[in-house]
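Input: a single structure, listed below in structure tokens.
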Amino acid sequence: MEPLKTLVIVLLILTVLLLTPLGIDVGIKGKNVILAIKAGFLNIRVFPKKKRQAEPKISVKRKKLKPSRKTAKAGKQKKPLTKKELISLIKIGLKALGRFKRKLRVDYLRIRYTFASDDPFNTAIGFGASSAVLSSVIPLVDSAFDIGERDIGTSFDFLSDKPVIDIWLTTTIQVWEIFYIAIAAGIDYLRFKMKQKRDLRKGKE
């Protein structure tokens with residue numbers, strides 16, 4: 001029974017890990033930028049980093065290494081990719097990006113633009129123009145991503161003379177989906193390499 005219990009525990013741990021969502025939180029407000037990495041319930045801030053007290057630097061003398069002589073002969077240079085092969089690789093990359101886009105979820109999207117200028121008339125005109133632009137962008141964003149919650153809109157501020165843009169994006173993808181994309185891309189690449197070898201053999205015959 002012990003091996004069976006161990007197997008069940010291992011499978012449960014693997015299942016939890018594969019279903020763990022990974023993602024990012026990124027925000028821009030004015031000149032401030034925030035970036036954090038999400039892993040399940042953890043949210044690790046990457047930028048801006050918390051300031052730490054500077055530790056005293058310890059100087060270490062390093063011995064100067066003499067440059068080593070090249071003893072091995074240069075290997076044969078690889079044959080450059082043909083135009084057809086290059087296009088095939090690009091297709092593999094685009095296919096992987098397409099899979100990634102379909103699996104990636106936008107849990108929250110905020111785009112708030114506050115228009116402001118030193119002239120109230122220009123503020124009113126600019127607000128109307130920015131609203132029109134944003135309304136045309138929304139359908140493009142909706143068609144490109146699967147968005148959960150969103151807060152998109154414009155406003156104006158007659159008391160300020162500088163516009164402010166407030167963007168926040170939270171995206172997630174599960175670990176098993178990353179493995180799926182990587183394995184699918186790897187299979188496509190192996191097929192490409194096998195075809196490349198077959199073409200090379202045919203060329204030598």
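Every number here is computed from the coordinates shown, using simple stated rules; none is lab data. Worth saying up front: this structure is predicted, and the values here are computed from it rather than measured. Heads up, the Cβs are rebuilt from the backbone with ideal geometry, glycines too, and the neighbour counts pull from every protein chain shown.
Annotation: amide H-H contacts under 5 Å for Y108 (H modelled 1.01 Å from N, sequence separation of 5 or more, or interchain): G148, E149, T170. With the cut-off at under 20 Å, measuring from each backbone N in the range 88-130 to a point 7 Å along the Cα-to-Cβ line of N43 picks out 105-112.
Once Rg and the Kirkwood radius are both taken over the C-alpha atoms of the range 93-169, their ratio Rg/Rh works out to 1.13. Take the Cα of L22, step 7 Å toward its Cβ, do the same at E149, and the gap between the two points is 2.5 nm. For the range 100-205, chymotrypsin sites (Phe, Trp or Tyr not before Pro) meeting the loop criterion (DSSP other than H, G, I, E, B) and having at most 15 other Cβ atoms within 10 Å: F158.
Label separation (I187 vs L11): 2.3 nm, computed from points 7 Å beyond Cα along the C-beta direction. With viscosity 0.692 mPa s and temperature 37 °C, the Kirkwood radius over alpha carbon pairs of the range 161-205 converts through Stokes-Einstein to a diffusion coefficient of 222 µm²/s. 3J(HN,Hα) couplings calculated from phi for the range 171-179 with the Karplus curve 6.51 cos²θ - 1.76 cosθ + 1.60 (θ = phi - 60°) are, in sequence order, 10, 9, 8, 7, 4, 4, 5, 5, 4 Hz; Gly and Pro show x. Would you grab the residues whose amide H sits under 5 Å from the one on Q174? Only those 5+ places off in sequence or on another chain, please, with H modelled 1.01 Å from N. Under 5 Å from the amide H of Q174: L22.
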